[in-house]
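Beneath this line is the structure, given in structure tokens, with notes to follow.
Every number in this text was worked out from the coordinates using simple rules, so none of it is lab data. Predicted, not measured: the structure shown is a model, and the values here were computed from it. Every residue, glycine as well, gets a Cβ built from its backbone with ideal geometry; the counts of neighbours run over all protein chains shown.
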Amino acid sequence: MKTDSLFYRIFQRWPELVLELAEIETSEASRYVFRSEEIKQTAFRIDGVLAPPEDSDAPWIFVEIQFQPDDSLYRRLFAEVFLFLHRTDPPRAWRAVVLYPDWSIERVPVGYASLLSLPEIRRVDLSALSGLVVSEAEGQDRKSLGWDILHILIADDSQAAIQRARRLTRPEYRAQLPEAIAWSELLDFVETVMVYKLPRSSREEIQAMLGLTDIDLKQTRFYKEVLAEGRQEGRQEGRQEGRQEGRQEGRQEGRQEEALRLLKTLLNRRFGVLPDWVEARFEEAEQTQLEQWAVRVLDAETLEAVFQDK
């Protein structure tokens, strides 16, 4: 499953994590900003750029997350990076970090092998990181919570992901959080990662796996934006029908509304404002179709690909 958006979201919140992966030590880590950069005259867009503080000489950091084989990756990456540096003033040092699920995905085009030996290039095999056992002490020594979230995302199986997620959602972990990170923010990250890690599990199942209470989950953005309203509407529809058939229909409509709200939230976060033709597809869709589209969101390169008939 391609999870570029989740990686980017983690790097936006904890940009210093990229520096750790690149093995770069700098006192300016907390001042970096993760963003995308567009080179307008050539229609190039670099999705992951860690921008250094303007009043320092810290390097630019370029991030590429590659979960599918791509023969053109390095040709594109070096072209974009060098053109970006050519058009950026004043000049400064740079680094590039390429993340793979494992080395079998990497493709090195002819003529580029020597470039990969540059000290500015850092290639990371996430499968090696996923096998590491992060102890309680190690977790406390990390520079950011991003490491803990990253380990959930790259866990090599669902049980490992659940185990790591449980550690972060235990009440005693809450007391260890830095003041800059709210408990609701941490729950939101963990829950979002687990939803994509376990796409066939319901929210109630994930709640039980992590030992979270309704009080915990009602603090998360995911619950507030996607699930709360849908469940409320389902209960209202059920109460309006006095017969058993009416109650069942109300619950079913509530679940479909819940699925629709989830899908819309995911699409808005990934692709922005939705066009009219997408709304038309929603009107014709059943709950199972909505759920299938939601699973495709992170894999699809374009909005059209989410709704493509297969």
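Remark on PHE34: its backbone amide H falls under 5 Å from those of ALA51, a criterion applied only to residues 5 or more positions apart or on other chains, H modelled at 1.01 Å from N. With neighbours defined as other Cβ atoms within 10 Å of a residue's Cβ, the residues VAL108, VAL295 order from fewest to most as VAL108, VAL295.
Peptides 149-155, 30-36 ranked from most to least packed, by the mean per-residue count of other Cβ atoms within 10 Å: 149-155, 30-36. Around the amide H of PHE62, modelled in the peptide plane, lie the amide H atoms of LEU50, ARG95, ALA96, VAL97, all under 5 Å away and 5 or more residues distant in sequence or on another chain. The relative contact order of the range 1-130 comes to 21 percent, based on Cα pairs under 8 Å that sit 6 or more residues apart. May I ask what percent, to the nearest 5, of DSSP beta bridges between residues of the range 1-127 are antiparallel? For the range 1-127, the DSSP antiparallel bridge percentage is about 45. Each residue in LYS264, LYS197 was given a count of other beta-carbon atoms within 10 angstrom of its own, and listing them fewest first yields LYS264, LYS197.
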